[in-house]
Amino acid sequence: MASMSGEIILETEDLTKEFAGFVAVNGVTLRVARGTIHALIGPNGAGKTTCFNLLTKFLQPTRGRIAFKGQDITGLPPTEIARLGLVRSFQISAVFPHLTCRENIRIALQRKRGGSFDFWRSKRVLDAFNDRALALLGDVGLAEFADLTAVELPYGRKRALELATTIALDPEMLLLDEPTAGMGHEDIERIAALIKSVATNRTVLMVEHNLSVVSNLSHRITVLTRGRVLAEGDYATVSNNPDVREAYMGTGHA
């Protein structure tokens, strides 16, 4: 597994979720190494999003265990998991459409402090948020849009803003659910480059349908089908696996 240390930051054991007799996730054991980009792929209905919902505790597993940084988080609520440093992009980074890009980032930066918002604090303290917000906007190529409201941004730029608000929380690990969905080629390239940049000092687990993005970014890939792990390895390994090829037959892409 490609990693600076090989240390496992996120681990599941026999992760299972049943809905009224239907098994959406079935005995998934997943190990994500610190400092890697790990992709979770599979045909539609494979259980990828359900798996993400289990990891971030939007769903409670029927059985199984989830550990983050060696700590059992199976019974923790979503807010506590985010506080530990495991953040799902859309979970925290809901963009406020009628606030500017700068204001959106500043809210995320204030949220990181914990407690209530700092409306009563001195202008000097809030200006420090402004400086950091502008730096983050620069990191995602949105510096020139700082005073534009989020609703005015084109789709790809809005996704970049969502990612920036997530990064503002300085998480150790990011879970990205289809970060390039619905994007044109230029936006896909921009977001892929941004994910690669963000991952230089963080761990990323992503569900992604675009196999070109997966092949270019991922150190390791886990393939799900019908709620089970079908294969795991680097892109060359999983793309040449006959079971994976069969699972994707007729589906077009992951």
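Every read-out reported here was derived from the displayed coordinates using simple, explicitly stated rules and does not represent laboratory data. The structure displayed is predicted, hence computed values, not measured ones. Glycine also receives a Cβ, built like all others from the backbone with ideal geometry; neighbour counts cover every protein chain displayed.
Could you work out the local net charge near Thr12, counting Lys and Arg as +1, Asp and Glu as -1, over the other residues with Cβ closer than 9 Å to its Cβ? Result for the local shell: -1. Multiplying the residue separation of His185 and Val151 by 0.36 nm and subtracting their alpha-carbon distance yields 10.1 nm. In the chain, the calculated helix contribution to ellipticity at 222 nm averages -10500 deg cm²/dmol per residue, counting -39,500 (n - 2.57) for every DSSP H run with n ≥ 4.
Contact order for the chain, expressed relative to its length and based on alpha carbon pairs under 8 Å spaced 6+ residues apart, stands at 27 percent. Proximity of backbone amide H atoms, modeled 1.01 Å from N, is registered between Ala231 and Val223 at under 5 Å, excluding neighbours fewer than 5 places apart on the same chain.
Ellipsoid semi-axes for the chain, based on the Cα gyration tensor and the rule √(5λ), read 32, 21, 16 Å when sorted largest first. Counted by Cβ distance under 10 Å from His38, the other residues give a net charge of +1, where Lys and Arg count +1 and Asp and Glu count -1.
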